[in-house]
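Read through the structure below, which is laid out as structure tokens, and then see the notes.
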Amino acid sequence: MKTSQLKNIVIPLLDWYHNNSRKLPWRENKDPYRIWISEIMLQQTRVEAVISYYERFMKRFPTVESLAVCEDEELFKLWEGLGYYTRARNLKKAAQVICTHFQGQFPSQFDQILALPGIGVYTAGAIASIAFEQARAAVDGNVLRVITRLTGDNRDITDAKFRDEITKVLEDSYPQSQRGDFTQSLMELGAVVCVPNGAPQCNRCPLSKFCDAYSNGTQLLYPVKKKKSARKMEQKTVLILSFQDKIALRKREGDGVLSGMWELPNQEGTLTRQQVYQWLAKKGVIVDTIKEPSNKKKQLKHIFTHIEWHMTYWIISCSTTGTDQNFVWVTDEQLEQDIALPTAFKKVYQAALQERCVREKI
């Protein structure tokens with residue numbers, strides 16, 4: 001791939017971006033803090049879903065200093081529903097580094113940005129170019145799709161060396177001005193015109209006359225991506241334990257998925273009624289009633305990046321809270337307003353609420 005192939009796209013792409021870009025809250029100015037928060041939120045998440053989260057987050061944490069001193073529970077509650085909570089943890093860690101080592105001023109050098117917790121090459125490139133007008137590319141799936149179609153490049157985009165090459169060639173193609181806009185124009189084109197999961201809208205594309213794939217009618221052959229390995233399947237039995245209008249939660253241990261987050265008590269595998277009784281007896285919990293879902297064959301599913309959970313659940317009314325000091329008993333109101341429950345467990349909680357409403361009507 002040659003730099004000359006990409007230099008031709010700069011002017012038409014910038015013209016298109018200036019006339020067609022979406023109005024998004026993080027594009028209102030060049031504040032690196034605002035750009036950083038948006039880029040972290042947008043990882044693995046659609047723009048439409050992020051906007052309301054972003055606006056709430058910025059209202060509560062308008063500065064890096066306010067983020068650095070926030071309580072974890074409040075941070076996670078604002079993040080609830082976005083998933084990948086490690087992103088939120090790293091935001092706070094990075095904010096603390098900025099306050100401690102950079103006197104609260106967001107660092108402007110690429111290497112300094114890259115060294116912050118939770119920031120990789122893509123995010124560092126986005127911030128350096130958009131906020132500080134540096135010739136740094138932000139190469140993600142959208143950009144890789146645009147470039148491989150433009151150039152007819154059938155190499156595997158999951159190859160780190162290939163991604164590095166595209167990054168270098170793109171950076172050599174950057175204009176002397178409007179560098180942040182050029183970065184965003186590539187992102188925008190990949191998001192709304194040269195789209196994934198379907199035919200690109202070539203009739204709207206400002207680059208169609210430069211595009212090898214469009215000329216050859218081979219758009220859907222790109223990008224080439226190595227097949228992902230199958231996700232690991234895990235079976236879970238989740239327990240909705242209630243006592244005097246409160247339900248039991250506990251913090252997840254270890255360093256695996258959702259570590260340190262709140263969860264509903266659960267066990268590996270598919271537990272029978274008798275096995276649930278035995279497990280609760282070890283915890284000193286006395287059961288009043290135990291009910292399984294009305295459709296006991298139906299399982300709830302939640303997909304993580306490399307793991308897929310299949311969950312069954314039991315709804316249990318308790319006459320004691322037992323002896324397990326890890327259980328914390330909370331009201332529905334506390335769970336709604338103060339506690340961040342990861343989406344996997346939220347699905348079970350909401351299903352159980354629906355079950356309870358149906359049974360009460362019956």
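The values are calculated or read from the model by the stated rules, or taken from the named source; none is laboratory data. Every value quoted in this text rests on a predicted model; they were computed, and no experiment measured them. Every residue, glycine among them, receives a Cβ derived from its backbone with ideal geometry; neighbour counts consider all protein chains shown. Each accessible area value is taken on the protein alone, full model and side chains, heavy atoms only, with ligands, DNA and RNA left out. Shrake-Rupley method; radii C 1.70, N 1.55, O 1.52, S 1.80 Å.
Values for this structure:
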| item | result |
| --- | --- |
| Any hit, segment 95-113, residues being over 23 Å from residue 184 (Cβ atoms) and in contact with a Cys (Cβ under 9 Å, 6 or more places away or on another chain) | yes |
| Residue tally, condition at pLDDT 95 or above and open to solvent by 30 Å² or more (accessible area, probe 1.4 Å), over segment 1-27 | 10 |
| Residues of segment 69-115 classified as over 30 Å from residue 135 (Cβ atoms) and in contact with a Lys or Arg (Cβ under 7 Å, 6 or more places away or on another chain), total | 3 |
| Pairs where the first residue, in segment 17-46, is closer than 19 Å to residue 110 by Cβ and acidic (Asp, Glu) and the second is open to solvent by less than 60 Å² (accessible area, probe 1.4 Å) and not in a helix (DSSP H, G or I), C-beta under 7 Å, 6+ apart | none |
| Qualifying residues in segment 141-167 (those that are hydrophobic (A, V, I, L, M, F, W, C) and in a helix (DSSP H, G or I)) - the one farthest from the chain's Cα centre (by Cα) | 150 |
| Conditions (1) free of Cβ contacts under 8 Å to residues at least 40 places away in the same chain; (2) under 16 Å from residue 192 (Cα atoms): number failed by residue 14 | (1) |
| Flag if residue 118 is within 30 Å of residue 189 (Cβ to Cβ), modelled with pLDDT under 95 and open to solvent by 20 Å² or more (accessible area, probe 1.4 Å) | no |
| Number of the condition not met by residue 77 [criteria: (1) over 16 Å from the mean Cα position of the chain (by Cα); (2) farther than 27 Å from residue 182 by Cα] | (1) |
| Residues of segment 198-235 classified as closer than 27 Å to residue 18 by Cβ and open to solvent by 60 Å² or more (accessible area, probe 1.4 Å), total | 9 |
| Given (1) touching a residue at least 60 places away in the same chain (Cβ under 8 Å); (2) under 22 Å from residue 196 (Cα atoms), number of the condition residue 106 does not satisfy | (2) |
| Residue among 134, 184 that alone is assigned to a helix (DSSP H, G or I) and either among the hydroxyl-bearing types (Ser, Thr, Tyr) or crowded, with 18+ Cβ neighbours inside 10 Å (or both) | 184 |
| Only listed residue being of a type outside the set (D, E, K, R) and at pLDDT 95 or above, chosen from 264, 335 | 264 |
| Cross-chain or 6+ apart pairs with Cβ under 6 Å, segment 321-347 first and surrounded by 17 or more Cβ atoms within 10 Å (Cβ to Cβ), then part of a helix (DSSP H, G or I) | 340/76; 340/77 |
| Residues satisfying the stated conditions in segment 289-320, i.e. in contact with a strand residue (DSSP E or B) (Cβ under 6 Å, 6 or more places away or on another chain), surrounded by 12 or more Cβ atoms within 10 Å (Cβ to Cβ), over 25 Å from residue 88 (Cβ atoms) and of a type in the set (Val, Ile, Thr) | 290, 312, 315, 316 |
| Cβ-Cβ under 9 Å pairs, at least 6 apart or on other chains, segment 269-289 side under 17 Å from residue 327 (Cα atoms), far side part of a helix (DSSP H, G or I) and aromatic (Phe, Trp, Tyr) | 285/279; 287/277 |
